[in-house]
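The values are calculated or read from the model by the stated rules, or taken from the named source; none is laboratory data. None of the values given here were measured: they were computed from a predicted structure. Using ideal geometry, Cβ is built from the backbone for each residue, glycine included, and neighbour counts are taken over all protein chains shown. We work out accessible area using only protein heavy atoms, side chains counted, and drop any ligands, DNA or RNA first. Shrake-Rupley method; radii C 1.70, N 1.55, O 1.52, S 1.80 Å.
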Amino acid sequence: MTVSMPVDAEQAWKDLQRIRVPQERVYDEFERSASGGRGMTYGLAALMWVFLAGVGMDLPPWGVGLFVAAYVGLLTVLIVVRSRRSRMQLHHTRCPGRMWASFGAVAVLVGGTIVLADHLTEPLEPIYAGLIQATAAVAVYLLSLGPANRWAADSVRSGSEPAADEEAGR
């Protein structure tokens, strides 16, 4: 003997949305925290541009060392300040390999742009060559960072769907 109860499709849909919306908000917050926000992105881009333009000015070795130390120090301060303000803390297993792959891919793209721009701007004066290298590298960084972050965050969003499908199948 089976007992069938009428199911209100509209109420079932509302219940499903009430469950899914907080989950989607978590994924949206993950995407925002992965990107660091516009301030962090543009801050890192500006810092990178100043560093690359400064290193391209044909400084003496001690000047390059001082410049690198200042860059690493400012970069560390930016990262520490941003990580302390982060509203979302994820368990380390929730950070997929795609995140590291996207970080590596952007690093390779920016590094390749620097090397290519250095090769193409050799005949120019060091100041102009440094400005061109810095601008090209930061442009590649800004253009590739958004798609890389979306691709990395998408793996977290889609990674939870099979578990939800298994729950629905029961």
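Select from the range 101-130 the residues that are farther than 19 Å from Gly54 by Cα and not hydrophobic (A, V, I, L, M, F, W, C) and list them in ascending order. Please lay out each step first, then the result.
Filtering the range 101-130 for residues farther than 19 Å from Gly54 by Cα gives 101-109.
Selection gives Ser102, Gly104.
Out of the range 144-154, which residues are surrounded by 14 or more Cβ atoms within 10 Å (Cβ to Cβ) and either more than 13 Å from Phe103 (Cβ to Cβ) or at pLDDT 90 or above (or both)? So that I can check it myself, show each step before the final result.
From the range 144-154, those surrounded by 14 or more Cβ atoms within 10 Å (Cβ to Cβ) are 144-145, 148-154; that's our starting set.
Scanning the range 144-154 gives Arg150, Asp154.
Looking at (1) modelled with pLDDT of 70 or more; (2) open to solvent by less than 40 Å² (accessible area, probe 1.4 Å), find the lone condition where Gly37 falls short.
If we test Gly37 against (1) modelled with pLDDT of 70 or more; (2) open to solvent by less than 40 Å² (accessible area, probe 1.4 Å), just (1) comes out false.
I want to confirm something. Restricting to the range 103-143 and keeping residues that are of a type in the set (Gly, Ala, Ser) and in contact with a Ser or Thr (Cβ under 9 Å, 6 or more places away or on another chain), which single residue is surrounded by the fewest Cβ atoms within 10 Å (Cβ to Cβ)? Quick ask: steps written out before the conclusion?
First, pick out the residues of the range 103-143 that are of a type in the set (Gly, Ala, Ser): 104-105, 107, 111-112, 117, 129-130, 134, 136-137, 139.
Imposing the further condition that a residue be in contact with a Ser or Thr (Cβ under 9 Å, 6 or more places away or on another chain) reduces the set to 105, 117, 129-130, 136-137, 139.
On the way: Ala105: 16, Ala117: 21, Ala129: 20, Gly130: 22, Ala136: 19, Ala137: 26, Ala139: 14.
Per the stated criteria, the residue is Ala139.
Is the range 10-22 home to any residue that is in contact with a Gly (Cβ under 7 Å, 6 or more places away or on another chain) and either modelled with pLDDT under 90 or surrounded by fewer than 15 Cβ atoms within 10 Å (Cβ to Cβ) (or both)? I'd like the intermediate steps shown before the answer.
Within the range 10-22, the subset in contact with a Gly (Cβ under 7 Å, 6 or more places away or on another chain) is none.
For the range 10-22, residues in contact with a Gly (Cβ under 7 Å, 6 or more places away or on another chain) and either modelled with pLDDT under 90 or surrounded by fewer than 15 Cβ atoms within 10 Å (Cβ to Cβ) (or both): absent.
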